[in-house]
Structure formats: C-alpha cells, structure tokens
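Some notes on the structure that comes next.
The values are calculated or read from the model by the stated rules, or taken from the named source; none is laboratory data. The shown structure was predicted, so the numbers you read here are calculated from the model rather than taken from an experiment. Glycine gets a Cβ as well: all are built from the backbone with ideal geometry, and neighbour counts include every protein chain shown. SASA here: full protein model, heavy atoms, side chains in, ligands and nucleic acids out. Shrake-Rupley method; radii C 1.70, N 1.55, O 1.52, S 1.80 Å.
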Amino acid sequence: MTGTQISDMTLVAFDDAPDEATAPWIVAASAGGFSEGSNYRTRLVEPIRERPTSTVLAADDGATLIGSDDGAAGSLWTTVAGFITYLSASAGSAIVGFLQAGTGAVARTTQAKLRDHVDAFDFIPVALQAGIIAGSNTDDLSGYLQAALNTGRIVQLPCIGLMWIASPLLVPAGGGIVGGGPRSIIKAKANFGDVPLIRNANDDPATMGARDYGLTFLNFKVDGNKAANSTGTEFSHCIHLLAVDGAVFDVWTVDPKGDGVLISYSRAFDESSSHPEIGCRGIHGYIRSETAARQGVAITCCEAFDLSIFAYRASLLGFDIEPDSATSYVRNGIVRLVALECGQAGSGTRGGCAISGTDSPGTGVADVRDIDVTLEVDDCLGSAGFLWRDASLTVRGSIRNQTGQGVYGFESNVGASRVVLDLDINTTTSVGFLSRATSVTLNGSVRVKSAGEIGVQIENAVGGVLQVWVDGAIAGAGLYLSNTDNMTFPNAVIAGANNSGVELVSTSSGNRFPGLSSTGSAFGWGFLEASGCNNNQATDARISGNNLGTASLQGAASIVTLEQVFGKATFDPGSLATGASTAVQTMTVTGAAVGYPAGATFSNNLAGVRLTSWASAADTLSYYFTNDVGANPTDLSSGTVKGFVTPTIIA
C-alpha cells in the first residue's frame, strides 16, 4: 500500500470494516465506532497493505481510513482521528502495553498497572479538586471517598487537601487510606453525630475468620470537629476498629467528640448484635492524638499490638485499656506513650494512662495481661498519671507535675494483678504511688520526689520485691503499708517524710526491709509498726534524724536492727593465771545502748583467753579478759580491742 502512513496522520476514529463483498474495499468510516472485544490491537500493528480489489483514499484530513488485512474478513477499520480519540478516552489505557524492567516481568496493559493503586481524585469530580487542594471546597466528599474505598484498594489522598465528610467512611478488608502528610485532612462536617469518621466495613463478624484484615492508615490527619458536633455525645471517634485482624497506623487525630482511635470487639453499630469475645489482633504503628473529648487512644479488646502514642490534652485519658465485658481480652501488647496535659475535663478516671481488667468492681474480670508500657506523663490532671486495676503488666518511665496521684492501683476486690514497675514520679499534689489493688504482687522499682501527701502507699498487696526511693512526702509517711504481707523492700531510701519514714498498719506482716535508710522525719519515727502487725524485719538499717526516734514496734515478733557502730581501745591484759580475769574496761561506742547486741575482738592471739563484752550504757561498751583454758599463767602482750554494737529494737 502506498500513501499516508499512521505516523504521518494527525486525527483518528474507529469503525468496523464493511462486508468483504462491498466495493470499494476501503470506504469512509461511519460514526458507529467499533467493538472493544475485537482484535484491533493486533491488526493495527500489521503492515497496511493494498488489497488487489481495493481503492486507497489518500488524504491527510484525519478522515482517511486505515486498516489491517486479516485475510478474508478484513474486519478492522478506523480513521486516524478516531484512534487518537479512543486512546485519550477512559478505555484507551486498556490497549497500551506495559512491561516492568527485569527478567521474568509479565506484560500487562497500562490500565491494569495503574489500577494497582487508587487515588481519591479518581472518584472526585475534577471541578472540586482545585478547591480541595486550596482548602476552599466545603462539599461533602464522603460518597466519592467511599466509592474509592469500595475498590478494596488503598486510597491515596492528595498531599495537600481538605476533604469534608458528612457520613462515616467504611474501609473494607485489605483496604486503607494513605495521605501525603499532615496537610492531607479528612474533616467531619457540622453535627456529624455519634458515629466514627472512619471505621472498618465489617463491624460485627461472628467468627475470628470473618474479621476484616490488613487495613492501612498512613500519613494523614483526621479532624473530628467536635466544636461543631452538637448532635454527638462521646462516641464520634476519629477512627474505630471493630474486630480487625491486622492494621498499621501512622495518623494524626484531632478534636474528636470521642476517642482519637478506638480498638474494640465485634459489635453492630445498630446494636443488633455483638461478640465481645472477638476482638482485634496485630495492630501496629504510631498514633498522634490531640484534644480528644474522651481518650487519645482506647483499647477494649485486642491482642498482639505494638503502638507508639502521643496524646495531648485528652479530656479523660491519653491512653486507656478497659474491656467492658468479662469475655473480652487485652493481652500481649507493647505501648510507648507520651501524654501531655491530659485529664482536662470530666469526672472519675482521668489522667495520663489507665489499664484495667474491668470497667467496674465486682462485674467480672477480663483477660488483661502481659502489657508492657513505657510512658512519659507530664502535667496531667485528674485521678493519676498512671492507673491500673486487675491487670498483669510491666510499666516503666516517668510521671511529672501530676495533679492527683502519680500512680494509682485501683481497689477492685476482684482479680489479681502482677505488676512490674520502673517509675520516676516527680512532684504530685497527692500520693506519689498508691496501690490498693487486691492481691497484687509488686516488683521492680519506684522513685518518688516531692509527693504532696504519702510518698509510696501500698494496701492489700500479697508479695513482691520492690525497690523504693522517696525524697519528700509533704503530708504523710514516706512508705506506708496497710494490710500488706510478705513484701521485700531492699535498700529502700526514705528521706524528708512529714510523718514516719516507714509506717505499717492494719495487720501488715512478714515484710522485709534489708538495708533500709530512713532519715529526716519531721513529726514521726524512722520506722513505725502499729499494733496487729507481726514478723516485720528491718535489718542493717540506717535510721537517724527522725523527730520521735529510731523505731516504735507495737506488734509482735518484729525486729529492727541498725547498722553496726564501732569503737576501739588499746589494752594490755598482762599475765593471767588459770581462772583469773582482768578488771572491767570500757570504751566509747557511739550509738550503743543497754540491751543492744555487742561484741569485741583483740588484735593479738588470745591463746585460750576469753574476751567478754557488752553494751553497758549509752555509747559505752564494757569488756574484760579471762584465762579459761590457757597456760598457767598466760601473758598476753598489749594490743587493740575493737568493739561493735548492733542497735536493735524488738517487738
């Protein structure tokens, strides 16, 4: 064929070929177009040849027909103008090929390649897109965004864009939302109500296997617009996961009329059914939450989670674990929390962080265990910087400038907690560390500085090894135990308590304080045990500078032994016949008192001579030598007598 080539033409249109019998063989195209199911892609790349019986219409006006000879049928025909129009239309990408670089790559169409990802602007009218980017558009975009999510793919938001929604976005299994940073914003329109802005699609799976899975929420901000949500009470969360198996977060939530993020169990939003035993699993990532009307992040049913959380000015708690059903669970989780100025409003439980196995005493205990929390809580209001009840957990970190208790373990009277601590608590207006949890075992270390009341207060504990350091208890004891048994406080340091350094009440028994240091009590004892307490021991203790004295033991079988005090003197026993003794000698041992255990040693070989010593008066040790079994006589040369006294108070 001679004449115009495809590369020389400028306009395109497609049409089906005429019947083989039609003459001339090449004819002008009709307006009908062609069928996408035909094999035009193959034929358009074949050489364009002249049939023996055909007539070529040579022209450069875009209406010239081009065709490929397929033998007998000759079924594909188009104009150049039609071809270009088709490529630029929505179906054009289906005929353009794509091959990834690399050995073994599989050929695909451009359409298939581009559909690997979904952009929000693929579904939002072009007329609205400039306003979204400029932040001036106020149209409800929830329908468009939901259509994008319904593809089941991850939806890409514009890097800069404000998208208003008037109804929740439901994310199906395998889907998600990815933005371009903090200026990719999804925001609730006024009066959004008591529904979350974003949640997973299947809210009430009846089995573990039916849960939504593999959700993605990355690099965008969700604005709950709580000031304009007068129809909402406290359940309009920014993001709510209900029984999701696997999700990854890197999001920023602000101003929800509820929680920033809530992670919970299977429950229909119309309350028609629920499965509190079917929760979330495998939730990971980073969540920044600001000014939530409730919690920054809350979990009611989840396992195997790993979250980093920054919570700022949440009205109730920066982070909360609190199942509302005894059949729910929160277990095997790691949380790194920074909570600033949380607990701003409301009543009841407020502060930096709470972990609880039940939402109210006596209602049954959920399985809350193996939770590892690293926290930094600053300038929070409310009940406490950190609270726990009926849970087994490890918590470490710092709590500073807390209004209320620094740490508070609830009195629930159900369940038993196992708590491992490594906490610094600095400047509270109340008790630095308070545990009233029934049957709790406490292990680890707690350091309290400048408590507004008692430094460390433990009630109802049943064991554990806890290192305690208290510097300043403005209106109470440094370490206060009530109804607490069988705990060990190695090398506890208590200084500057208003009342007694250590105080035991209400049958606290079997507790041990090896290496205790208790000094500087303004109006109390270094160690005070009330009547009814038994078998408590403080050994090798350093107790001094307390207003009322060293120790007062009013229980039974208890003992306080202080660090030994020492003295020495030079003495020559001379020659001693068998059975003879020297005169009684004395030396000064500061801290000695009548009745304290005492002893002495001699710098030379005693050669069968006995050295006897005792605390004979305040700050005085008496001693003498007797030749019981030595030679007759035995002559000992001059040497040094060293005396020691163990100040001891026995109940």
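Residues checked against (1) under 15 Å from A228 (Cβ atoms); (2) without any contact (Cβ under 8 Å) to a residue 40 or more places away in the chain:
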site	(1), (2)
I133	no, yes
D139	no, yes
G143	no, yes
N150	no, yes
I154	no, no
I165	yes, yes
P172	no, no
G179	no, no
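Of the numbered conditions (1) out of contact with any strand residue (DSSP E or B) (no Cβ under 6 Å at 6 or more places or on another chain); (2) at pLDDT 95 or above, T626 fails exactly one; give the number of that condition.
Of everything listed in (1) out of contact with any strand residue (DSSP E or B) (no Cβ under 6 Å at 6 or more places or on another chain); (2) at pLDDT 95 or above, T626 misses just condition (1).
Being touching a residue at least 40 places away in the same chain (Cβ under 8 Å) and part of a strand (DSSP E or B) is the filter; apply it to region 474-503 and report the residue that is nearest to T561 (Cα to Cα).
M487
Go through (1) touching a residue at least 40 places away in the same chain (Cβ under 8 Å); (2) within 29 Å of N499 (Cβ to Cβ); (3) not in a strand (DSSP E or B) for I543 and report which single condition fails.
(3)
I need every pair where a residue in region 274-295 that is among the acidic types (D, E) has its Cβ under 6 Å from the Cβ of a residue that is assigned to a strand (DSSP E or B) and surrounded by 20 or more Cβ atoms within 10 Å (Cβ to Cβ), sequence separation at least 6 or different chains.
Filtered contacts from region 274-295: E290/V254.
Could you grab me the full set of residues in region 438-471 that are of a type in the set (S, T, Y) and closer than 22 Å to A391 by Cβ?
Pass one, region 438-471, residues of a type in the set (S, T, Y): 438-439, 441, 445, 450.
T438, S439, T441, S445 - these are the residues of region 438-471 that are of a type in the set (S, T, Y) and closer than 22 Å to A391 by Cβ.
Is it the case, given these coordinates, that F571 is within 29 Å of G526 (Cβ to Cβ) and among the aromatic types (F, W, Y)?
On the way: within 29 Å of G526 (Cβ to Cβ): no; among the aromatic types (F, W, Y): yes.
Judged against the criteria, F571 is not a match.
Answer yes or no as to whether N219 is closer than 20 Å to C302 by Cβ, touching a residue at least 40 places away in the same chain (Cβ under 8 Å) and not acidic (D, E). Outline the logic, then answer.
Values: closer than 20 Å to C302 by Cβ: no; touching a residue at least 40 places away in the same chain (Cβ under 8 Å): yes; not acidic (D, E): yes.
No.
Any residue that is open to solvent by less than 60 Å² (accessible area, probe 1.4 Å), modelled with pLDDT of 95 or more and of a type in the set (F, W, Y) - is there at least one of those in region 563-579?
Yes: one or more hits.
Quick one: count up the residues across region 76-105 that are free of Cβ contacts under 8 Å to residues at least 24 places away in the same chain and out of contact with any strand residue (DSSP E or B) (no Cβ under 7 Å at 6 or more places or on another chain).
Narrowing region 76-105 to residues free of Cβ contacts under 8 Å to residues at least 24 places away in the same chain: 88-90, 92-93, 96-105.
With the extra rule that they be out of contact with any strand residue (DSSP E or B) (no Cβ under 7 Å at 6 or more places or on another chain), the set shrinks to 88-90, 92, 99-105.
Total satisfying the criteria: 11.
So which residues in region 529-540 are more than 11 Å from I559 (Cα to Cα) and either among the aliphatic types (A, V, I, L, M) or open to solvent by less than 30 Å² (accessible area, probe 1.4 Å) (or both), if there are any at all?
A530, C533
Residue by residue, here is whether (1) β-branched (V, I, T); (2) out of contact with any Phe, Trp or Tyr (no Cβ under 6 Å at 6 or more places or on another chain); (3) over 24 Å from N547 (Cβ atoms) holds:
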| residue | (1), (2), (3) |
| --- | --- |
| V431 | yes, yes, no |
| S439 | no, yes, yes |
| G444 | no, yes, yes |
| K449 | no, yes, no |
| A461 | no, yes, yes |
| Q467 | no, yes, yes |
| G472 | no, yes, no |
| A475 | no, yes, no |
| T488 | yes, yes, yes |
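Yes or no: region 257-278 includes at least one residue that is open to solvent by 40 Å² or more (accessible area, probe 1.4 Å), over 18 Å from D204 (Cα atoms) and among the hydrophobic types (A, V, I, L, M, F, W, C).
no
Can you tell me which residues in region 320-353 are within 11 Å of the chain's Cα centre (by Cα), open to solvent by less than 50 Å² (accessible area, probe 1.4 Å) and not β-branched (V, I, T)? Working first, answer last.
So in region 320-353, the residues within 11 Å of the chain's Cα centre (by Cα) come out as 320-321, 333-339, 353.
When the remaining residues are screened for being open to solvent by less than 50 Å² (accessible area, probe 1.4 Å), the result is 320-321, 333, 335, 337-339, 353.
Those that are within 11 Å of the chain's Cα centre (by Cα), open to solvent by less than 50 Å² (accessible area, probe 1.4 Å) and not β-branched (V, I, T): D320, G333, L337, A339, C353.
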